[in-house]
Amino acid sequence: MTENVPPPAPAEIAALFSRQSVWQSWLDVESALAATQAELGMIPAESAREIAARARLETIGEAALAADIAKTRAPVVSLVRLLSRACAGEAGGFVHWGATTQNVVQTGRVLLMRRAHAALMRRLAAILDRLAGFAEAEAGTVTVARTNIRHALPITFGFKAGGWIEEFLRHEERFREAAPRVFRAQWGGAVGAMHAVGEAGPELNRRLAARLGLGWHEIPSRAGLDTFAEYVLLLGMFAATCGKIARDLYVMMSDEFGEVIEDLGEEVIGSSTMPHKVNSKIAVHVIALSARVRAQVPLALEAMQPSFEGDGANNQMLSALIDQACPLAYELAAQMDELLAAIRLRPAAIGRNLAMSGAFMASENAMMALAPLLGRTVAHDIVHHAIAEAVETGGDLATLIAAAPDAAGRFDAAMVRDALDPSSYIGQSVALARGMVGPARAAAARLRDRANGSASTGPLA
């Protein structure tokens, strides 16, 4: 197993998609292209070495590149021009041999996406570890299950965490299955059919991708942008899960619920004008980030519809989309990790809310106790009407059920009262919660191992 590398800060992932980093990714592609072409005898080996030696942003000059782009309005043309001038001898004449702008721009962004993805998977590992801790520690902590925002049945908080774990495990599976489709080089020349390099094109395509640690497209169509849309869609689904959990916790922090708090220390200020308030700081941020990530999905679907064999308008949509979606999703994951680390349960409030519905919450159990002799429908009606009467009159529910005409003399009130104990009617909550601890921790270990061992370059490696 590789050494455990801590996840980078969100600012590092944002910097990964900065102008300087993006331009350097293009130079990395140009360098790899030249090296691969030299390997195939398409350009001189010494030229490829010279191109690789000069393919650094500090060598060609960021300011000079920006100034030239302002003139040409063709960023890769300017980059190729300056790189060619920086090379000694005839090497400059072999820069960008047989390539087109989209090959460089798209492949460069895939390299950055892959590095951001490795960092995102480390964050997902941390989230799974946090949730495994909740599932284990709170497996037996009885709480209220709510459906349609009303009290349903008693469960445990560990069971809630177990459900969240399984959803994140499905996200991990989706990301893992999509990665080979998403992280592919895009090389094929002007329209993807490798016109400029002839029969060596398919082999160049495969070798260039392998050199960059990426997959490849058998037909590198410039119009095939579905892989990017798929990845953003997966980020949107991941964001939806984070937002859903954060919103539940946010509501549970309200004074009326009071079941959890964000433990951020005594110095945190809730309101600038109301000293008594301690507002959520992290859950609200997760909810907002989740919405912003999900908002990228429609643009991704729009971007994957270029006209004919390629369209610059869609390419610009795609570039802006990736530059925003990947850092946003990573910041969201980092905040989700922080939220789970800060959450503390408030047992007294949980107990108070359980008592609010009391025996009513175990009404299903009472119904199922009567059902073998009366049938489920009759049993349901007896319990339902007894609850209505108990609410109206304040009578004892167990007594009312046992005294119902269809049940009278057939059931003892004490037996019914035992069935109405909510603390003993939690189904398989404990076992199911504990059953998710191992899978969560195993997945977290696999994620860290893959992310730490994945091919990458630069400061995140």
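A few comments on the model shown:
- Whole-number D in µm² s⁻¹ for the range 1-91, Kirkwood Cα-pair radius fed into Stokes-Einstein, 37 °C, 0.692 mPa s: 225
- Beta bridges assigned by DSSP with both partners in the chain are antiparallel in approximately 80 percent of cases.
- Extension gain, Gln316-Ala88: 0.36 nm per intervening residue step, less the Cα-Cα distance, totals 78.8 nm.
- Estimated vicinal HN-Hα couplings, Hz - the range 255-262 in sequence order (Karplus 6.51, -1.76, 1.60; Gly, Pro = x): 4, 5, 9, x, 7, 9, 9, 8
- Spin-label model distance (nm) - Glu203 vs Glu39, 7 Å beyond Cα toward Cβ: 1.2
- Near Arg115: Cβ cut-off under 14 Å, other residues only, Lys/Arg at +1 and Asp/Glu at -1. The net charge is +2.
- Accessible area of the range 322-406 divided out per residue, in Å², using a probe of 1.4 angstrom: 45
- FRET efficiency for the Glu309 to Val77 pair, using the beta carbon distance and R₀ = 30 Å, is estimated at 0.95.
- The 1.4 Å probe gives accessible areas that order Phe168, Phe411, largest first, as Phe411, Phe168.
- Accessible surface of the range 1-129 [probe 1.4 Å, protein heavy atoms]: carbon and sulfur percent: 54
- Simple spin-label estimate for Ala9 and Asp412 gives 6.7 nm between the two label positions (7 Å along the Cα-to-Cβ direction from each Cα).
- Of all accessible heavy-atom area on the range 309-461, the percent that carbon and sulfur account for (1.4 Å): 55
- Percent of Cα-Cα distances greater than 43 Å, calculated over the chain: 35
- Counting Lys and Arg as +1 and Asp and Glu as -1 over every other residue whose Cβ lies under 14 Å from the Cβ of Ala209, the net charge comes to +2.
- Largest to smallest accessible area among Ser423, Ser78, Ser272, Ser84 [probe 1.4 Å]: Ser272, Ser423, Ser84, Ser78
- Against the empirical 2.2 N^0.38 Å (N residues), the range 251-294 has a Cα radius of gyration ratio of 1.28.
- Other residues with beta-carbon under 15 Å from the beta-carbon of Val284 carry, at +1 per Lys or Arg and -1 per Asp or Glu, a net charge of +1.
- Residue-level accessible surface for His151, protein heavy atoms, 1.4 Å, Å²: 60
- Between the range 110-146 and the range 159-207, the alpha-carbon center distance in angstrom: 24
- Charge dipole (the range 156-268, unit charges on Cβ, about Cα centre) - positive-most of Ala240, Ala185, Phe228: Ala185
- Sequence of Phe308, Phe157, Phe94 when ordered by accessible area, the most exposed leading, probe 1.4 angstrom: Phe308, Phe94, Phe157
- Among 209-222, 26-39, 255-268, the order from most to least packed when residues are scored by Cβ within 10 Å on average: 26-39, 209-222, 255-268
- The relative contact order of the chain comes to 22 percent, based on Cα pairs under 8 Å that sit 6 or more residues apart.
- q = 0.12, 0.17, 0.19 Å⁻¹: log10 I(q)/I(0) that the Debye formula gives for the range 138-272, counting C-alpha atoms only: -0.70, -0.98, -1.12
- If the Kirkwood radius is taken over C-alpha pairs of the range 300-360, then at 37 °C and 0.692 mPa s the Stokes-Einstein diffusion coefficient equals 206 µm²/s.
- Per-selection Rg to Rh, the range 74-166 - Cα, Kirkwood hydrodynamic radius: 1.47
- Note: relative contact order over the range 64-186, using C-alpha pairs below 8 Å and six or more positions apart, is 23 percent.
- Centre separation in Å (Cα based) which lies between the range 31-79 and the range 301-369: 42
- The count of lysine pairs in the chain whose Cα atoms are under 26 Å apart, excluding pairs fewer than 8 places apart on the same chain, comes to 4.
- The ellipsoid equivalent to the alpha-carbon distribution of the range 332-461 has semi-axes of 49, 18, 11 angstrom, derived from the gyration tensor eigenvalues as √(5λ) and listed largest first.
- Annotation for Arg247 and Thr59: the two label points, set 7 Å from Cα along the Cα-Cβ direction, are 5.1 nm apart.
The values are calculated or read from the model by the stated rules, or taken from the named source; none is laboratory data. Quantities reported herein were computed from a predicted structural model and do not represent experimental measurements. When we count neighbours, we look across all protein chains shown, and the Cβ atoms used for this are built from the backbone with ideal geometry, even at glycine. Remember, those area values only see protein heavy atoms, side chains included, never the ligands or the DNA or RNA. Shrake-Rupley method; radii C 1.70, N 1.55, O 1.52, S 1.80 Å.
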